[in-house]
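Peer 1: I'd like to ask some things about the structure below.
Bear in mind these aren't lab numbers, they're just calculated from the coordinates by the rules spelled out. These numbers come from a predicted model, not from an experiment. Backbone-built Cβ (ideal geometry, glycine too); neighbour counts: all protein chains shown.
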Amino acid sequence: MNFPLTGAIDCDIHPAVPSTQDLTPYLDGYWREMCVLRQLDRMDLMSYPPNAPLSGRSDWRPERGNPGTDFEMLRAQALDHFGARFAICNCLHGAQALHDENMAAAFCRAVNDWLREKWLDRDTRLRASITVPAQNPDFAVNEIERVASDRRFVQVLLLSRNDMPLGRRYYWPIYEAAIRHKLPIGVHAGSMARHAPTQNGYPSHFVEDYIAQSQAFAVQVASLVSEGVFAKFPELKVVLIESGVTWLPAMIWRFGKDWRGVRPEIPWVKETPASIIRDHFRLTMQPFDAPPTSADVQRILDHLGSEDILLFSTDYPHWQFDGDSVLPSGIPESTLQKLLVDNALRTYPRLGEVVQ
């Protein structure tokens, strides 16, 4: 299915910090000095391998620098070309994986301030996620409180692999702050690199790590539901970003089947897991890892059991689809308005606001 459809909301694009030196003006004096003394300004804190084909489509790579670092390219190729009404910037950066909590907090602040000045201020269609140091929930809450007054920030960004599952009460202060400011939680594919990316240890190749991301997302869904996050925070929405889609129907079925046998263990889960997942989780549509036929795509959507669960995204500049066929064939015409616009407006309350 081709594009554009003017007014669509792109829920996942990726501006990238060109280098650590680009962040140093946004650090305080102490951390600017540390960048020099510890040679941090010579380090590349990119959060994904820039030369991997999936990290940037060939026609979306700038002549110089890494994919996602050229503002004019992003504006022309992602915003103008696809007719976007809004696009949400998810800036993936190594600050979220640093072991030093203080350093992580400083660099997350710098990433947010850099993103505000270099991207949001240059195009009114851009919105952004707040990068937070999940290494320390108190620091993460402080960053949410600091940035949330800028209504162009519409989401709190976490990673799919962390120190522990995201349902644990350790992370609940982040969710409380997010709700207070009408911000959903975005969980993006990525890692704090604390544990092996598979349950059997470290793989040999990037493709194995990439495929295993869906397992991490399944763990987080089970954790958030089982630990009672949505019983405590019934308003919370969680957006799974770059999780893929086709793993979820089977997970919903398995979760519901096993829950029936052990439900006394988690009495706060009063509804079926399927109902809770459909109410509280949303998935971006790239990568849409569906079979090639329209009939199979329709079957996947039927098994998801909700027209509200999917959000349009391009994942610019990553290579998740070819050409302008950004929506798979098999998507019913009757659901396009929801997938492209309405679901995002209901998920991100701030998108409906007039920002001065």
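Peer 1: For the modelled label position 7 Å from the Cα of Ser149 along Cα-to-Cβ, which residues of region 80-116 have backbone nitrogen atoms closer than 19 Å?
Peer 2: Inside the label zone: 109-116.
Peer 1: Nothing charged except the Cβ atoms of Lys and Arg (+1) and of Asp and Glu (-1): what's the magnitude of the dipole of region 8-352 about its Cα centre? Round to the nearest 20 debye. The partial results should precede the final answer.
Peer 2: Details: 36 positive and 43 negative charges, 166 e Å.
Roughly 800 debye, rounded to the nearest 20.
Peer 1: Work from the charge dipole of region 8-352 (Cβ charges, +1 for Lys and Arg, -1 for Asp and Glu, about the Cα centre) and give the residue of Gly261, Ile331, Ser149 farthest towards its positive end.
Peer 2: Projecting each Cα onto the dipole axis, the largest value belongs to Gly261.
Peer 1: His205 to Thr6: extension gain in nm, 0.36 nm per residue of separation minus the Cα-Cα distance?
Peer 2: Going from the current span to full extension adds 67.7 nm.
Peer 1: When ranked by the protection proxy of mean other Cβ atoms within 10 Å per residue, highest first, what sequence do the peptides 71-81, 28-38 form?
Peer 2: So the order, starting with the most tightly packed, is 71-81, 28-38.
Peer 1: Too long at a 24 Å Cα-Cα cut-off: which of Lys182/Lys232; Lys232/Lys338; Lys118/Lys338; Lys237/Lys270; Lys270/Lys338?
Peer 2: Lys232/Lys338; Lys118/Lys338; Lys270/Lys338
Peer 1: I'd like to know which of Leu240, Leu115, Ser226 lies farthest towards the positive end of the charge dipole of the chain, counting +1 on Cβ of Lys and Arg and -1 on Cβ of Asp and Glu.
Peer 2: Ser226
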